[in-house]
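To keep things clear, I will list the structure first and then write my remarks on it.
The values are calculated or read from the model by the stated rules, or taken from the named source; none is laboratory data. Values in this document were obtained by computation on a predicted structure and should not be read as measured data. Cβ placement follows ideal geometry from the backbone for every residue including glycine, while neighbour counts extend to all protein chains displayed.
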Amino acid sequence: MSLASLRTRMTSGHRDDRGLSTVEVVILAPVMILFILVLVAFGQLVDGRGAIDGAARDAARAGSIQKDHGTAMAEARKAAEADLADVCSGPVSVVQKSAGFDPEVDPFFTIEVSCQVRGLAMLGLDIPTHLSASFSSSLDPYRRSA
């Protein structure tokens, strides 16, 4: 290549674009992969929120049909743990929020369920994702007998 032809190429606005697509892939591929991982992590948070809400509903209903308070809490805990077995990354907390287990005092059996959800931990981000939900179910007047 002569000096004259090189000068003509440079002044005519023609540039050599070889290797540009490789640079684009090297820069954009990690960004796209990170974006997809963030979407998956937030999807797990949404799934966890739905699972916690469902577990609170199931736990309150399982407890409200029992005859005595001890059995009601045991059944509520069992229902919540069964619902959240593959969602939570730690222990499941089941706490009664209603006043008692007597329809004369409080006609509802209210349960709060909470646990730590995986969520953003899969990305290596140490952001606490502790979710909780509560649900009330009316005490069944024809509760199970012991």
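The residues of region 133-146 that are of a type in the set (G, A, S) and at pLDDT 80 or above, listed by number, are A133, S134, S136, S137, S138. Taken together, I33, I52 contain a single residue that is under 19 Å from F109 (Cα atoms), modelled with pLDDT of 85 or more and not small (G, A, S), which is I52. Summed over region 46-64, the residues that are surrounded by fewer than 16 Cβ atoms within 10 Å (Cβ to Cβ) and either in contact with a Cys (Cβ under 7 Å, 6 or more places away or on another chain) or hydrophobic (A, V, I, L, M, F, W, C) (or both) give a count of 1. Of the residues making up region 83-132, those that are surrounded by 13 or more Cβ atoms within 10 Å (Cβ to Cβ), charged (D, E, K, R) and at pLDDT below 90 are D106, R118. No other residue among S137, S114 is part of a strand (DSSP E or B) and in contact with a helix residue (DSSP H, G or I) (Cβ under 7 Å, 6 or more places away or on another chain) apart from S137. In region 54-83, the residues that are closer than 19 Å to Q116 by Cα reach residues that are crowded, with 17+ Cβ neighbours inside 10 Å and hydroxyl-bearing (S, T, Y) with C-beta atoms within less than 6 angstrom, at least six apart or across chains, in these pairs: A56/S134. In this structure, is A41 under 22 Å from S136 (Cβ atoms) and either assigned to a helix (DSSP H, G or I) or in contact (Cβ under 8 Å) with a residue 40 or more places away in the chain (or both)? It is false that A41 is under 22 Å from S136 (Cβ atoms) and either assigned to a helix (DSSP H, G or I) or in contact (Cβ under 8 Å) with a residue 40 or more places away in the chain (or both). Contact annotation: residue pairs with Cβ atoms under 6 Å, 6 or more positions apart or on different chains, pairing a residue in region 99-112 that is within 13 Å of Q66 (Cα to Cα) with a partner that is of a type in the set (A, V, I, L, M) and surrounded by 12 or more Cβ atoms within 10 Å (Cβ to Cβ), are P103/L139; F109/A60; F109/L139.
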